[in-house]
1. Can we say residue 18 is within 17 Å of residue 131 (Cβ to Cβ) and either part of a loop (DSSP other than H, G, I, E, B) or within 11 Å of the ligand (Cβ to nearest atom) (or both)?
2. Regarding the stretch 112-120, can at least one residue be identified that is touching a His at 6+ places or on another chain (Cβ under 8 Å), modelled with pLDDT of 95 or more and closer than 18 Å to residue 3 by Cα?
3. Pick from the stretch 128-144 the residues that are more than 16 Å from the ligand (Cβ to nearest atom) and in a loop (DSSP other than H, G, I, E, B): which of them is surrounded by the most Cβ atoms within 10 Å (Cβ to Cβ)?
4. Scan the stretch 71-105 for residues that are within 7 Å of the ligand (Cβ to nearest atom), free of Cβ contacts under 8 Å to residues at least 40 places away in the same chain and more than 18 Å from residue 140 (Cα to Cα) and report the count.
Amino acid sequence: MSTVLVLNGPNLGRLGSREPDVYGSANLDDLRALLTASAPDGVTIDLRQTDDEAELIHWLYEAVDNSLPVIINPAAFTHYSYALRDAAALVTTAGLELIEVHISNPHARETFRHTSVVSAIATGVIAGLGFDSYRLALDFVTRKH
Ligand code: CA2
């Protein structure tokens with residue numbers, strides 16, 4: 001593996017602009033810089049964000065086709081998108097790691113956020129640690145690099 005896909009779902013493109021009490025004041029460019037600095041030599045961080053469910057699903061196909069590990073914050077899709085879950089399951093059933101991450105701790109928030117339709121097919125889940133959720137996921141998927 002030389003590339004890690006770091007996929008971000010709807011509204012995460014607005015990070016840093018609103019709700020800093022929940023999500024912090026840094027944005028996705030800051031996250032990309034953090035992960036790039038944390039990545040072992042030879043590992044490329046390919047961080048993307050979309051508000052489009054179909055695009056996110058197609059990126060998961062890309063992970064399968066190119067044998068890439070995935071760190072994914074599905075954002076609100078986490079809670080209801082069976083289409084996203086099915087695509088994410090293609091990644092893990094292909095033997096690739098897929099780590100579900102969240103900036104906040106959904107279990108400490110509204111009831112609708114307590115359900116994840118993705119977690120059961122993920123390799124693991126890290127939540128509530130801000131951008132460290134992503135950094136720890138990166139440590140895990142690159143541990144043998
Ligand atoms: O805590 C997380 O990472 C979430 O995946 C973020 C999602 C939320 O629906 C999940 O329950 C938990 C929401 C992302 C929206 O991000 C914004 C950031 C700044 C301003 C507006 C939205």
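1. In short, yes.
2. Within the stretch 112-120, none of the residues are touching a His at 6+ places or on another chain (Cβ under 8 Å), modelled with pLDDT of 95 or more and closer than 18 Å to residue 3 by Cα.
3. 142
4. 1
Table: residues versus (1) under 20 Å from residue 34 (Cβ atoms); (2) of a type in the set (Val, Ile, Thr).
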{"position": "70", "(1), (2)": "yes, yes"}
{"position": "78", "(1), (2)": "no, yes"}
{"position": "86", "(1), (2)": "no, no"}
{"position": "89", "(1), (2)": "no, no"}
{"position": "107", "(1), (2)": "no, no"}
{"position": "119", "(1), (2)": "no, no"}
{"position": "128", "(1), (2)": "yes, no"}
{"position": "135", "(1), (2)": "yes, no"}
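The values are calculated or read from the model by the stated rules, or taken from the named source; none is laboratory data. Since this is a predicted model, take the numbers as computed values, not measurements. In this analysis, Cβ positions are derived from the backbone assuming ideal geometry, glycine residues included, and neighbour counts consider all displayed protein chains.
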